[in-house]
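Please read the structure below before turning to the comments.
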Amino acid sequence: MHEELNQFTRNDVWFLAPKSDEMNIIGSKWFFRNKLDEVGVITRNKARLVVKGYNQEEGIDYGETFAPVARLEVVRLLLAFACMSGFKLFQMDVKSVFLNGIINEEDYVEQPPGFEDHQHPNHVYKLKKALYGLKQPPRKWYERLINFLLSNGYEKGMIDKTFFIKKSNSEIILVQIYVDDIIFCATKDSLCEEFVAAMQGEFEMSMMGELSFFLGLQVKQSNDGVFLCQSKYYKEILKKFEMESCKEASTPMPSSCYMDVVVAGKEVDQTKYRGLIGSLLYLTASRPDIMFFVCLCARFQANPKESHIKAAKRILKYLKGTTNVGLWYHSHSPIHLIGYSDSDFAGCKLDRKSTSDTCHLLGSSLISWHSKKQASVALSTAEAEYIAAGSCCNLFWLHSRNPEVSGDWM
């Protein structure tokens, strides 16, 4: 807790001001968590002071709040591109990232519980920079970061606004931002060192070395390629839903299984079912083999029955036996973007709609995939295929993001 407040002092976050009746005072509270590494070992006990942003009034305490965030497809694309180009990826982390965002509105926060100023107990803190819990911190941080990078010669991506590139003669450095996590690679080590020095000179940063754990994804880099998996997340889910001692299954769902709306079936906890589906959906970040089955189970979140949660737990049984399965990006592969699409016809027996399935590969590296029920009823197999092909072409932004990459779309 003292370390957190010392961060506020170093970053000049706030100052005490007399309290008045006209002020909209925002409350605050302490939030505690244990930070774990990729194998689940506690590495740090962390305290965070969070303000109660739900008390803010739009137009008075905050204005625009939108800030762009990198998509997982973009992260996988960068991993594959760096692997094929022979780049080594590194990672940095911003300490107390939102404390770096400068706010223009007049926001007042009550003194932290347990750390009140005894000389001025009725004073409040006026914020100069953003705090966790406010509405505007992500945007304020993004604005400051982008201005810093642009002033240092970096160019912002045309499609993905969290991707930056800097060219120096024939050398380049690529930088991908995800809020406070930054991954980067370059053709020369000196460019990486220059980037690290510039960032640490402007912000409080911690250099984490080679990329190994990012957004819940475990990344193993080698000379032959990159392996991407979520084995740590598998174990957390199995423990959360009490499936650690369950039997293993060879497939995510039986081929004869047909999911339907069950009216008279036994009801289950809706919150638990939705939590299970949400956890499985994040697992699809590295497991395309369960994508169709998870999306199928997700269609019954409104009124789940016992048969639905049984089918979802069957996916967990399959995952238990395949915890080491993931994506392999081979380093010796041509940089060539290819897309594939397919569909069934009237696959959903409830409304006779078809399901579109697509995937995209950079060389031999799978970087994007999706499975989604079509919005309209297709009247023929050809129409269902055309709709699926249209969904596949929706990701042309992957191609435009990398002008030097040529691609065939099939």
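Under a GNM of the chain (C-alpha, springs under 10 Å), which listed residue has the highest mean-square fluctuation: Asp357, Asp21, Asp224? Highest fluctuation of the listed residues: Asp21.
Mean separation of Cα pairs under 8 Å and 6 or more residues apart, divided by the residue count, gives the stretch 2-219 a relative contact order of 25 percent.
Computed log10 I(q)/I(0) for the stretch 231-320 at 0.11, 0.15, 0.21 Å⁻¹: -0.27, -0.51, -1.04, from the Debye equation with unit scatterers placed on every C-alpha and solvent omitted. Evaluated at q = 0.15, 0.23, 0.25 Å⁻¹, a Debye calculation over the C-alpha positions of the stretch 314-366 (equal weights, vacuum) places log10 I(q)/I(0) at -0.74, -0.88, -0.89. In the stretch 117-263, Cα pairs under 8 Å separated by at least six residues give a relative contact order of 8 percent. Evaluating kT/(6 pi eta Rh) at 4 °C and 1.567 mPa s, with the Kirkwood radius of the stretch 105-193 over Cα pairs in the Stokes-Einstein relation, gives 81 µm² s⁻¹. Counting only DSSP beta bridges whose two residues both lie in the chain, roughly 90 percent are antiparallel. Based on the reciprocal of the average 1/r between different C-alpha atoms, the Kirkwood radius for the stretch 2-219 equals 19.1 Å. Taken about its Cα centre, the stretch 1-142 carries a charge dipole of roughly 720 debye when the Cβ of each Lys and Arg holds +1 and the Cβ of each Asp and Glu holds -1. The C-alpha atoms of the chain define a longest principal axis, and helix 270-283 lies at about 90 degrees to it. Could you state the number of Å between the C-alpha centres of the stretch 51-126 and the stretch 168-182? Answer, in whole Å: 20.
Note on Asp189, Asp107, Asp289, Asp181: ascending count of other Cβ atoms within 10 Å places them as Asp189, Asp289, Asp181, Asp107, the fewest first. Report, in degrees rounded to the nearest 10, the 0 to 90 angle that the Cα long axis of helix 306-320 makes with the longest principal axis of the chain. Around 80 degrees separate the two axes. Between Pro113, Pro288, Pro137, the Gaussian network model of the chain with springs among Cα atoms under 10 angstrom shows the greatest mean-square fluctuation at Pro113. Charge dipole (Cα centre; +1 on Lys/Arg Cβ, -1 on Asp/Glu Cβ; no other charges) of the stretch 231-320 amounts to roughly 180 debye. What is the angle, in °, between the Cα long axis of helix 381-393 and the longest principal axis of the Cα atoms in the chain? Nearest 10 is fine, range 0 to 90. Helix 381-393 sits at roughly 30 degrees to that axis.
Once the Cα-Cα distance is subtracted from the 0.36 nm per residue extended length, the Thr381 to Glu194 segment shows a gain of 61.8 nm.
Total lysine pairs in the stretch 27-97 at Cα distances under 22 Å, for residues eight or more apart or on different chains: 7.
Residues considered: Trp14, Trp141, Trp30. Largest GNM mean-square fluctuation over the chain, using C-alpha springs under 10 Å, is found at Trp30.
Across the chain, the mean sequence separation of Cα contacts (distance under 8 Å, 6 or more residues apart), normalised by length, yields a relative contact order of 14 percent.
Sequentially through the stretch 354-366, phi angles give Karplus couplings (6.51, -1.76, 1.60; θ = phi - 60°) of 8, 10, 8, 10, 9, 8, 9, 10, 9, x, 9, 9, 6 Hz, Gly and Pro residues having no value and appearing as x.
Every number in this text was worked out from the coordinates using simple rules, so none of it is lab data. No experiment lies behind these values; they were computed from the predicted model shown. Don't worry about glycine lacking a Cβ; one is built from the backbone with ideal geometry, like all the others, and counts go over all protein chains shown.
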